[in-house]
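Have a look at the structure below, then the notes.
The values are calculated or read from the model by the stated rules, or taken from the named source; none is laboratory data. Note that the structure is a prediction, hence the values are computed from the model and not measured. Please note: Cβ atoms are built from the backbone with ideal geometry, for glycine as well, and neighbour counts cover all protein chains shown.
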Amino acid sequence: MTKQLFIKTYGCQMNVYDSARMAELMAPLGYAAASGPESADLVILNTCHIREKAAEKVFSELGGIRRLKEARQRRGGRMIVAVAGCVAQAEGAEILARAPFVDIVVGPQAYHRLPDMVARAGAGQVQDTSFPPEAKFDHLPESREVAGVSAFLTVQEGCDKFCTFCVVPYTRGAEYSRPAGEIIAEARRLVAGGAREVTLLGQNVNAYHGAAPDGGSWGLGDLLRALAELPGLARLRYTTSHPKDVDDSLVAAHREVPQLMPFLHLPVQSGSDRVLAAMNRRHGASDYRRTVERLRVARPDLALSSDFIVGFPGEDAADFAATLDLVRDIGFAQAFSFKYSPRPGTPAATAADQVPEPVKVERLAALQALLGEQQRAFNAGCVGRTLPVLLERPGRHPGQLVGRSPYLQSVHAEAPSERIGEIVAVRIAAARPNSLAGIVAPPGRAA
Ligand code: 5AD
Ligand code: SF4
């Protein structure tokens, strides 16, 4: 008999990937996707610890799940509740204590044990937040049924950088790179399942240093060059990178590998050397400028994205002005920006010189105004151009499809659904703040 599985995913693409793998792992045990948590025999919250009050949000979500579980029990049914992801890793014991109806707490490195944990769930709460990353990839199932046009593939996990604001080194553990052969095999299966684009994922993806198929070790540049050889794999991307780990081989890949799309998310966090040092970012603002310059020499049309934190402890007006200067100098196609918020257990959380909230609010508004202006200008600059667009899925309006430009912009265009999976030339007619719209060029002009 089929059972129903509902997974709610928070946070980054890595969690989206992990959720898909958990669903695949449970499928042989008869679990199929539920339309909502009400009807689910197993509910998994795949949580994220990056944002402020992450644990609070999980507890409030769990309040709702508890009511559904009780309602199901009153009808004579059963619901197993699992908390996965980074909040599970960081606060597992507290979850089990505060939410006794939670059956399973499973950290990101222990997903391969989920079927066993589900089997044991009847006999009381089970927790696995251990950290053996190799084991996880060895034990996850191989099969990927339908990949979707654009697929994610985790190549690296964890982080050894210890930026002073960040929980990732604590929740995701030490850096681990999967062997290249395993990644190439998974990419092959994704392409066989219909993927045209693969985005390589890692918390610190360009620190990748996996075992090469012929012995030795490969960096991310080598891996990208090898993946570019796969027939049918039209587009490659990778995220998230650290500026310190952009090596010559990776820069060369941006020049040499046509499948590697001209868009890079390269978080800088701040434009002030003083703040960057306090963040333990291991590079200065001019290093970032030079890295971007090297990348743009290799790939002149490279569009950049970044993450920024304003109001980091000790950030003064001059530091913030340096961030605005850097943004003006580089020019970003898009970006994410956040107010600094203390994460328990990280060094910056206990720094004495915390920036007052109103100052953070004001700086965030100023930074977002500038970044928004740059994003609108970048999108407006695409109007009148013809861009190759990978059509991914139906749009909101009938007859419309949505795809991605090389620069990761969403592009809306009218086209029949049979064309999903094709890369078509789209003449861009309009730019909106977060997307483009255009007209598919007649066949024969395919990009
Ligand atoms: N406060 C604010 N922003 C943070 N980020 C990570 N930790 C914090 C924090 N404590 C942001 C960084 C990172 C992105 C994923 O989230 O900019 O690159
Ligand atoms: Fe966190 Fe990224 Fe710094 Fe690692 S490199 S500690 S994941 S911000």
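Points to keep in mind about this one:
- Ala335 vs. criteria touching a helix residue (DSSP H, G or I) at 6+ places or on another chain (Cβ under 7 Å), in contact (Cβ under 8 Å) with a residue 40 or more places away in the chain and either crowded, with 17+ Cβ neighbours inside 10 Å or part of a helix (DSSP H, G or I) (or both): yes
Here's the yes/no breakdown for (1) within 16 Å of ligand 2 (Cβ to nearest atom); (2) under 25 Å from Pro262 (Cα atoms); (3) modelled with pLDDT under 95:
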{"position": "Val167", "(1), (2), (3)": "yes, no, yes"}
{"position": "Gly173", "(1), (2), (3)": "yes, no, yes"}
{"position": "Val198", "(1), (2), (3)": "no, yes, no"}
{"position": "Asp214", "(1), (2), (3)": "no, no, yes"}
{"position": "Leu220", "(1), (2), (3)": "yes, yes, no"}
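- Members of the stretch 375-396 found to be outside any loop (DSSP other than H, G, I, E, B), without any contact (Cβ under 8 Å) to a residue 60 or more places away in the chain and not β-branched (Val, Ile, Thr), listed by number: Gln375, Arg376, Ala377, Asn379, Ala380, Pro388, Pro394
- Exclusive hit being β-branched (Val, Ile, Thr), within 27 Å of Glu52 (Cα to Cα) and either touching a residue at least 24 places away in the same chain (Cβ under 8 Å) or not in a loop (DSSP other than H, G, I, E, B) (or both), set Val118, Val83: Val83
- Boolean, Val105 is more than 20 Å from Ala174 (Cβ to Cβ) and touching a residue at least 24 places away in the same chain (Cβ under 8 Å): yes
- Check on Gly194, at positive phi and not in a helix (DSSP H, G or I): yes
- Long-range neighbours under 8 Å by Cβ, at least six apart or interchain, first residue on the phi > 0 side of the Ramachandran plot within the stretch 307-325, second in a loop (DSSP other than H, G, I, E, B): Gly311/Tyr340; Gly311/Val355; Gly314/Ala351; Gly314/Asp353; Gly314/Val355
- Of all residues in the stretch 311-321, those that are surrounded by 18 or more Cβ atoms within 10 Å (Cβ to Cβ) and either in contact with a strand residue (DSSP E or B) (Cβ under 6 Å, 6 or more places away or on another chain) or in a helix (DSSP H, G or I) (or both) total 3.
- Glu362 exposed (fewer than 14 other Cβ atoms within 10 Å of the Cβ) and acidic (Asp, Glu): no
- Considering the stretch 397-445, and only residues there that are among the charged types (D, E, K, R) and part of a loop (DSSP other than H, G, I, E, B), the residue that is surrounded by the most Cβ atoms within 10 Å (Cβ to Cβ) turns out to be Glu422.
- Lone qualifier among Ile50, Ile65, Ile44 - being within 16 Å of ligand 1 (Cβ to nearest atom) and within 26 Å of Glu91 (Cα to Cα): Ile50
- Residues that are closer than 15 Å to Ile309 by Cα, of a type outside the set (Ser, Thr, Tyr) and in a loop (DSSP other than H, G, I, E, B), drawn from the stretch 338-374: Pro342, Arg343, Gln354, Val355, Pro356
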